[in-house]
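For reference, the structure discussed in these notes is given below.
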Amino acid sequence: MAAMRSRETTGGDFSIPSEIDAIGPAVDKVIQLIGRAGCAQPRQTDVEIAVFEALANAVIHGNRQDAGKRVHILCRVQPGEQLSIVVKDEGPGFDPVEVPDPTTAENVESEHGRGILLMKTFMDEVYFEAGGSEVHMRKRLDAI
């Protein structure tokens, strides 16, 4: 008989240096937390893309790859209910309303500006706090 997985909220808090090379391993760690919580995530790639974009924005735009600053990640999993992720940088923040729409004709060929759109596309809820230096993302999960 297979062991029953906990239905209690689980998660982890950790931080990474403001380095591009730290983003991939941090995404992997979040995906591992989801798996250990016993959640089926048929669209795991959705979460990977959203977390990658949030971390990239924090490292590159928030902390400007400043070695003296870190990016903080808070992950909470409620099996059968939801995944909550908060990514916080130590930068000055930004106003998300001021970010140009990457789908308009004048911005469609720009090399930047799609991270927030991707987060909002792949997660069920995305919002910013702390003057834009903190992104909150939520995804509904199915129980195993």
Where a residue in region 28-42 is crowded, with 20+ Cβ neighbours inside 10 Å and its partner, wherever it lies, is modelled with pLDDT under 70, with Cβ under 6 Å and at least six apart = 34/41
Looking at 88, 29, which one is modelled with pLDDT of 90 or more, more than 21 Å from residue 114 (Cα to Cα) and not aliphatic (A, V, I, L, M)?
-> 29
With respect to residue 18, is the statement that it is small (Gly, Ala, Ser) and more than 14 Å from residue 139 (Cα to Cα) true?
-> yes
When you go through (1) surrounded by 14 or more Cβ atoms within 10 Å (Cβ to Cβ); (2) touching a residue at least 40 places away in the same chain (Cβ under 8 Å) one by one for residue 48, which number turns out not to apply?
-> (2)
Answer yes if at least one residue in region 18-26 is not β-branched (Val, Ile, Thr) and not in a helix (DSSP H, G or I), and no otherwise.
-> yes
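The values are calculated or read from the model by the stated rules, or taken from the named source; none is laboratory data. The model shown is predicted, which means the values in this text are computed figures rather than measured ones. Ideal geometry is used to build each Cβ from the backbone, glycine not excepted, and the neighbour counts take in all protein chains shown.
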